[in-house]
Amino acid sequence: MKPILIRGARVVDPSVGRDEVADILLEGGVVRGVGRGLGAPDGAAVLDAAGLVAAPGLVDLHVHFREPGREDVETIATGARAAAAGGFTSVCAMPNTDPVTDNQAAVGFIVSQARRAGFARVYPIGAVSLGQKGEQMAEFGELIAAGAVAVSDDGKAVATAHLMRTALEYALTFGIPVIDHCEDVTLSHGGAMHEGVTSTRLGLKGIPRSAEDVIVARDITLTELTGGHVHFAHVSTAGAVRMIREAKARGLLVTAEATPHHLTLTDAACEGYDTNAKMNPPLREPRDLAALRAGLADGTIDCVATDHAPHHYDAKEAEFDNAPFGVVGLETALGLAVTELVEPGILSLPALIERMATRPAQIVHLPAGTLAPGAPADVVVFDPAAEWTVEPARFFSKSRNTPFAGRRLRGLVRWTVVGGRLAHTLGDPPDAPDRSTA
Amino acid sequence: MSGALGKDLLGLEYLTADQIRRILDTAEPFKEISERAIKKVPVLRGKTIVNLFFEASTRTRISFEFAEKRLSADTVNVAASGSSVTKGETLVDTARNLEAMRIDMVVMRHMSSGAAKFLADRIESSVINAGDGKHEHPTQGLLDLLTIRDHRPIEGTKVCIVGDVLHSRVARSNIWGLLKLGAEVAVCGPRSLLPLGIEELGVCCFRRVEEAIEWADVLNVLRLQLERMEAGYIPSLREYYRVFGVTVERLEKAPRDLLILHPGPMNRGVEIDSRVADGPHSVILGQVTNGVAVRMAVLYLLAGGNPDLAEAAKGGADR
């Protein structure tokens with residue numbers, strides 16, 4: 001592996017409070033140093049990054065890679081390739097695959113597929129309950145020994161208050177968060193979008209904010225009871241933001257993420273029955289969007305996570321009721337964040353990097369999100385001013401289900417380095433070698 | 001094919017007041033055709049129409065079929081049971097196959113909101129929405145408007161829609177049509193059957209049917225389906241009738257005579273008292289008669305019908 005010298009970038013590393021023009025030397029798979037006028041060792045690849053931003057590689061706590069089970073829609077290799085294209089160097093894969101990632105062998109399979117693929121690092125998240133059925137707890141210790149970094153029954157909420165309580169308690173042994181998808185299905189059952197005047201007009205069954213809020217309230221109460229760590233996946237409501245802010249003020253160990261789509265769109269995107277605007281939780285109203293942005297700015301929402309959820313175009317080419325929930329997000333997240341959050345002044349660029357790299361890495365204890373000497377050589381280099389158009393046909397992901405097609409964005413990834421190797425260079429042809437099925 | 005209405009009729013939300021009036025005005029001369037001994041004019045001769053019903057329907061399907069036949073169109077009926085749909089065909093494939101057969105119009109009833117638009121976006125033929133999920137049922141809205149207009153000017157009339165507004169496409173089409181033509185609109189029912197944010201559409205809500213009756217000139221009484229009780233929206237049909245039933249006793253207390261509409265099929269003794277349904281102020285059968293005329297008007301206008309409609313309507317079947 002050749003050393004890499006990234007020369008003359010604006011280096012933004014929130015983990016050490018750095019924001020200055022400097023060079024970064026990567027050698028032996030780790031960060032060797034950051035400073036001005038670093039010399040290039042013999043044989044080093046030199047990346048001229050003048051005018052560009054270099055930051056710790058982005059970390060995504062929430063992706064769905066569909067392998068095993070739906071390799072036609074995404075594989076671990078294509079997902080990891082798409083991640084690298086989006087500037088992500090570490091992603092956490094949710095366990096709602098087929099079969100469910102609820103045992104040591106299933107976790108090991110993901111780890112080995114990710115290792116074969118290269119590109120971004122893929123960390124499995126294990127299931128809370130066997131088969132995600134909400135009954136018997138999975139063997140957290142075994143899952144973690146095999147490489148899992150958290151547990152979740154994502155796709156649905158941890159089914160009962162009792163199971164959530166015991167999961168929070170049991171997870172304390174291992175120091176991992178229980179990630180919850182907050183949705184009371186007795187309130188959301190059959191719903192296709194946010195419940196409000198738009199769902200009323202479109203005649204679509206709504207999912208009320210309360211479907212999320214009652215589970216957030218339940219989990220906060222249980223965190224208080226147990227001293228455990230709950231991480232709230234894809235927060236979508238103003239009420240959830242308010243409760244999380246209050247819980248944090250009371251010193252409870254709660255963390256939260258919001259998606260790029262919830263931070264940029266409202267339920268108006270469902271007009272015309274656009275199935276690419278169908279996701280769970282649903283896009284909500286302007287006041288929820290404002291609350292999420294305020295929450296992200298003040299740290300109530302710790303991080304941005306994509307909830308990258310690929311689906312086959314046949315599945316989305318359907319009646320709104322019958323289309324599956326979910327959008328892809330890895331390849332648009334940074335551009336959306338720069339364009340919609342940094343440029344309007346909601347977040348500074350260092351704050352954005354903190355919420356897309358440093359903080360998510362801390363939540364699941366990954367050795368990432370920092371360019372400190374000795375840290376893994378995971379770096380994203382991007383042009384914050386370069387304008388580009390979202391063209392789904394050029395995605396590295398196998399799926400194209402995005403509501404942002406045609407959107408003009410600023411913030412373009414030039415290079416992504418994972419473990420000291422170039423995992424993505426701008427202009428790479430978008431036909432990812434899929435070594436997992438080769 | 002595009003005329004006064006554009007390619008499709010997907011909902012009254014998407015029409016202007018002028019377009020709605022145009023349809024109602026066009027329906028007037030078509031009423032007369034149905035009174036003739038030979039109920040047929042050749043205005044859609046050579047046009048092919050598919051009636052594609054993914055949900056059971058008697059009244060609407062028959063009404064469309066009569067309208068089509070009285071305009072001399074060639075029609076084919078497809079019901080979901082026994083069709084390729086039950087063999088797992090997707091709506092997009094159904095649409096492409098219809099398109100490949102070069103038909104002129106599709107009349108579709110479907111259980112999913114937005115299905116009519118989905119189809120219309122994917123085929124060149126005109127699509128008439130005969131009810132899509134909980135979204136709209138525009139020809140029902142139009143026939144309700146025509147029926148009210150037979151008795152009083154719509155502008156300024158107070159119309160209350162009573163019952164299960166939450167699941168009702170009839171309610172939504174009525175709300176849009178009535179508001180566009182200048183009526184005042186209210187809804188009344190248990191809050192569990194009124195959709196969130198309905199007031200933002202410009203209607204007021206009555207919690208008690210007695211208040212609605214005191215306010216309204218017209219009641220449009222919606223069918224209450226047994227499934228709503230099973231799904232827990234209301235405790236029982238018996239109690240629904242006791243609290244929200246449109247009864248003679250309640251109507252007798254009204255300060256004026258109310259016009260009573262019902263889109264059918266009726267549940268006598270659930271949402272409506274038989275004595276009201278069969279009473280002097282009920283125009284329920286008039287709605288059914290108007291349904292054929294309104295559908296003839298929609299078919300005619302979507303087919304690019306001659307604005308000089310009277311001429312067409314006068315044309316005899318003997319030509």
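The values are calculated or read from the model by the stated rules, or taken from the named source; none is laboratory data. Note that the structure is a prediction, hence the values are computed from the model and not measured. Glycine gets a Cβ as well: all are built from the backbone with ideal geometry, and neighbour counts include every protein chain shown.
General observations
- Test: residue in region B:99-111 that is outside any strand (DSSP E or B), buried (at least 21 other Cβ atoms within 10 Å of the Cβ) and under 14 Å from the mean Cα position of the chain (by Cα): no
- Selection over region A:313-343 of residues that are away from chain B (no Cβ under 14 Å), farther than 13 Å from A:Leu296 by Cα and not in a loop (DSSP other than H, G, I, E, B) gives a count of 7.
- Residue check, B:Ala216 more than 14 Å from chain A (Cβ to nearest Cβ), in contact with a strand residue (DSSP E or B) (Cβ under 7 Å, 6 or more places away or on another chain) and under 30 Å from A:Arg209 (Cβ atoms): no
- Answer residue from region B:123-135, given it is out of contact with any strand residue (DSSP E or B) (no Cβ under 6 Å at 6 or more places or on another chain) and at the interface with chain A (Cβ under 10 Å from one of its Cβ atoms) and is nearest to B:Gly305 (Cα to Cα) among those: B:His135
- Pairs are defined by a Cβ separation below 9 Å, a sequence spacing of at least 6 or placement on different chains, a first member in region B:189-201 that is at the interface with chain A (Cβ under 7 Å from one of its Cβ atoms), and a second member that is part of a loop (DSSP other than H, G, I, E, B) and of a type in the set (D, E, K, R); the pairs so defined are B:Pro195/A:Glu195; B:Pro195/B:Lys134; B:Leu196/A:Glu195; B:Gly197/A:Glu195.
- Among the residues listed as A:Ala93, A:Ala55, A:Ala85, the single one being within 28 Å of A:Val230 (Cα to Cα), touching a Phe, Trp or Tyr at 6+ places or on another chain (Cβ under 7 Å) and of a type outside the set (S, T, N, Q): A:Ala93
To keep it simple, each residue is scored yes or no on (1) within 21 Å of the chain's Cα centre (by Cα); (2) modelled with pLDDT under 95; (3) closer than 20 Å to A:Thr259 by Cα.
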site	(1), (2), (3)
A:Pro14	yes, no, no
A:Asp42	no, yes, no
A:Pro56	yes, no, yes
A:Val63	yes, no, yes
A:Glu74	yes, no, yes
A:Gly79	yes, no, yes
A:Ala93	yes, no, yes
A:Thr97	yes, no, no
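- Wholly enclosed helices (runs of 4 or more DSSP H) of region B:210-319 bearing at least 3 residues at pLDDT 95 or above: B:237-244, B:248-252, B:274-277, B:284-302
This table checks each residue for (1) among the acidic types (Asp, Glu); (2) part of a loop (DSSP other than H, G, I, E, B); (3) within 14 Å of chain B (Cβ to nearest Cβ).
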site: A:Ser210; (1), (2), (3): no, no, yes
site: A:Asp213; (1), (2), (3): yes, no, no
site: A:Asp219; (1), (2), (3): yes, no, no
site: A:His231; (1), (2), (3): no, no, no
site: A:Leu252; (1), (2), (3): no, yes, no
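- A:Gly272 meets the conditions (1) within 14 Å of chain B (Cβ to nearest Cβ); (2) at pLDDT 95 or above; (3) part of a helix (DSSP H, G or I); (4) touching a Ser or Thr at 6+ places or on another chain (Cβ under 8 Å) in every case but one. The failed one is (4).
- Taking the listed residues B:Val283, B:Val288, B:Val187, B:Val246, the one that is under 28 Å from A:Gly196 (Cβ atoms) and of a type in the set (Val, Ile, Thr) is B:Val187, with no other qualifying.
- Counting the residues of region A:212-248 that are touching a strand residue (DSSP E or B) at 6+ places or on another chain (Cβ under 7 Å), over 15 Å from A:Val178 (Cβ atoms) and either among the charged types (D, E, K, R) or surrounded by fewer than 18 Cβ atoms within 10 Å (Cβ to Cβ) (or both) gives 1.
- Residue list for region A:278-328, filter: at pLDDT below 95 and aromatic (Phe, Trp, Tyr): A:Tyr313
- Members of region A:161-180 found to be free of Cβ contacts under 8 Å to residues at least 60 places away in the same chain, touching a helix residue (DSSP H, G or I) at 6+ places or on another chain (Cβ under 9 Å) and surrounded by fewer than 24 Cβ atoms within 10 Å (Cβ to Cβ), listed by number: A:Thr166, A:Glu169, A:Tyr170, A:Ala171, A:Leu172, A:Thr173, A:Phe174
- Scanning region A:170-207 for residues that are among the acidic types (Asp, Glu) and facing chain B (nearest Cβ under 7 Å) yields a single hit, A:Glu195.
- For A:Thr370, the criteria (1) without any contact (Cβ under 8 Å) to a residue 40 or more places away in the chain; (2) surrounded by 18 or more Cβ atoms within 10 Å (Cβ to Cβ) hold in every case but one, which is (1).
- One residue from A:Pro310, A:Pro282 being touching an Asp or Glu at 6+ places or on another chain (Cβ under 7 Å), on the phi < 0 side of the Ramachandran plot and within 14 Å of chain B (Cβ to nearest Cβ): A:Pro282
- Cβ-Cβ under 6 Å pairs, at least 6 apart or on other chains, region A:344-366 side in a helix (DSSP H, G or I), far side among the acidic types (Asp, Glu): A:Pro350/A:Asp19; A:Arg359/A:Asp302
- Filter pass, B:Ile148 being buried (at least 24 other Cβ atoms within 10 Å of the Cβ), in contact with a strand residue (DSSP E or B) (Cβ under 9 Å, 6 or more places away or on another chain) and of a type in the set (Val, Ile, Thr): yes
- Checked against (1) within 14 Å of another protein chain (Cβ to nearest Cβ); (2) in a loop (DSSP other than H, G, I, E, B); (3) under 19 Å from the mean Cα position of the chain (by Cα), B:Glu89 meets all criteria but (3).
- Residues in region A:126-149 that are out of contact with any Leu (no Cβ under 8 Å at 6 or more places or on another chain) and more than 22 Å from A:Asp184 (Cα to Cα): A:Glu139, A:Phe140, A:Gly141, A:Glu142, A:Leu143, A:Ile144, A:Ala145, A:Ala146, A:Gly147, A:Ala148.
- Test: B:Gly245 is more than 30 Å from A:Pro208 (Cα to Cα) and away from chain A (no Cβ under 14 Å): no
- Residue match in region A:181-192 (condition: surrounded by 18 or more Cβ atoms within 10 Å (Cβ to Cβ), in a helix (DSSP H, G or I) and of a type in the set (S, T, N, Q)): yes
- Test: residue in region B:31-52 that is assigned to a helix (DSSP H, G or I) and surrounded by 15 or more Cβ atoms within 10 Å (Cβ to Cβ): yes
- Checking each residue in region B:151-173 for being within 13 Å of chain A (Cβ to nearest Cβ) and not in a loop (DSSP other than H, G, I, E, B) picks out B:Arg169, B:Val170, B:Ala171, B:Arg172, B:Ser173.
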